[in-house]
Amino acid sequence: MSTPIDLTKPINPYAPPTADLATPGGGGTDAWRQGKKLIVRRGGQLPHRCVKCNAPAVTPIKQRKVYWHHPAVYLAFLLNILIYIVIALIVRKSAQVAPGLCPAHQRRRTVGLLIGWIGVPLTLAAFIGGAAGDAPLVAVAGLLGLLVAIIAALILARIVIPSRIDKEYTTLKGCCDAFLDSLPVFPG
């Protein structure tokens with residue numbers, strides 16, 4: 001069901017697009033903005049627009065599971081990385097979100113995933129082969145390539161970053177300003 005256009009008001013062609021944010025049951029809004037953050041009701045739906053540029057999203061939009069733990073858990077890293085991993089796995093919270101991506105940002109994510117799945121093993125093999133074969137230049141190039149591949153994959157493949165998950169809401173970072181500006185301000 002679409003709302004009729006009010007022809008008495010001037011149309012701003014530069015305004016970000018808006019979408020119907022009502023839940024299928026008519027329960028109201030599921031997504032809000034709070035500064036640079038996106039707040040989504042647990043189990044809620046996001047508008048079918050790209051969270052990176054606000055263009056129409058490629059459908060169907062895939063559900064993704066995000067994890068978060070309180071930042072104080074990072075203090076366990078100072079004790080031991082294994083202790084941190086165990087504590088983080090125990091206390092983490094998860095949520096399902098479905099952030100949309102346009103075709104351009106979907107391709108960017110695919111490139112990031114390819115860099116991760118292909119570039120990391122190849123550069124790791126170059127590092128190990130250079131170290132084992134007494135070729136220090138190959139080993140250094142492999143190590144630098146490994147670092148670049150990991151960082152590039154993380155940056156290109158990432159969609160949204162959870163900044164808080166509680167019983168009622170999931171707070172996410174990493175959305176563009178145009179997407180956030182098209183959402184209502186969080187009332188709470």
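The values are calculated or read from the model by the stated rules, or taken from the named source; none is laboratory data. Being a predicted model, the structure only gives us computed values, none of them experimental. No Cβ is skipped: glycine too gets one built from the backbone with ideal geometry, and neighbour counts run over all protein chains shown. Each accessible area value is taken on the protein alone, full model and side chains, heavy atoms only, with ligands, DNA and RNA left out. Shrake-Rupley method; radii C 1.70, N 1.55, O 1.52, S 1.80 Å.
Computed over protein heavy atoms with a 1.4 Å probe, the carbon and sulfur contribution to the accessible area of the range 108-182 reaches 74%. Distant-in-sequence amide contacts of Lys37, defined by a placed amide H-H separation under 5 Å and a gap of 5 or more residues or a different chain, comprise nothing. For the set Thr110, Thr171, Thr59, Thr8, solvent exposure ranked by accessible area (probe 1.4 Å, protein chains only) runs largest to smallest as Thr8, Thr59, Thr110, Thr171.
Ranking Phe77, Phe186, Phe179, Phe127 from most to least accessible surface, computed with a 1.4 Å probe over the protein chains only, gives Phe77, Phe127, Phe186, Phe179. Our coupling estimate for the range 161-178, obtained by passing each phi through the Karplus curve with A = 6.51, B = -1.76, C = 1.60 and θ = phi - 60°, is 10, x, 10, 5, 9, 10, 5, 10, 10, 10, 9, 10, 10, x, 8, 6, 5, 5 Hz, Gly and Pro reported as x. Size descriptors for the chain, from the alpha-carbon set: Rg then Dmax equal 21.2, 77 Å. Starting from the Cα of Lys167, draw a straight line to each of the lysines and keep only those under 24 Å, dropping any in the same chain fewer than 8 residues away. Hits, sequence-local ones excluded: Lys36, Lys37, Lys62, Lys65, Lys93. Projected label points at Ala104 and Lys167, each 7 Å from Cα along the beta carbon direction, are separated by 4.3 nanometres.
Less than 5 angstrom separates the built amide H of Arg49 from those of Ala57, Gly100, all sequence-distant by 5 or more or on a different chain.
Here the Karplus curve 6.51 cos²θ - 1.76 cosθ + 1.60, taken at θ = phi - 60°, turns the phi angles of the range 30-46 into couplings of 10, 9, 9, 10, 9, x, 9, 10, 9, 10, 10, 5, 4, x, x, 10, 8 Hz, with x standing for Gly and Pro. Simple spin-label estimate for Lys62 and Ile11 gives 3.6 nm between the two label positions (7 Å along the Cα-to-Cβ direction from each Cα). FRET efficiency for the pair Thr29 and Ile150, taken as 1/(1 + (r/R0)^6) with r the Cβ-Cβ distance and R0 = 30 Å, rounds to 0.20.
Going by accessible surface with a 1.4 Å probe and the largest first, Tyr74, Tyr67 read Tyr74, Tyr67. Taken about its Cα centre, the chain carries a charge dipole of about 220 debye when Lys and Arg each add +1 at the Cβ and Asp and Glu each add -1 at the Cβ. For His69, the residues whose amide H sits under 5 Å from its own are Lys93, ignoring neighbours fewer than 5 places away on the same chain, with H placed 1.01 Å from N.
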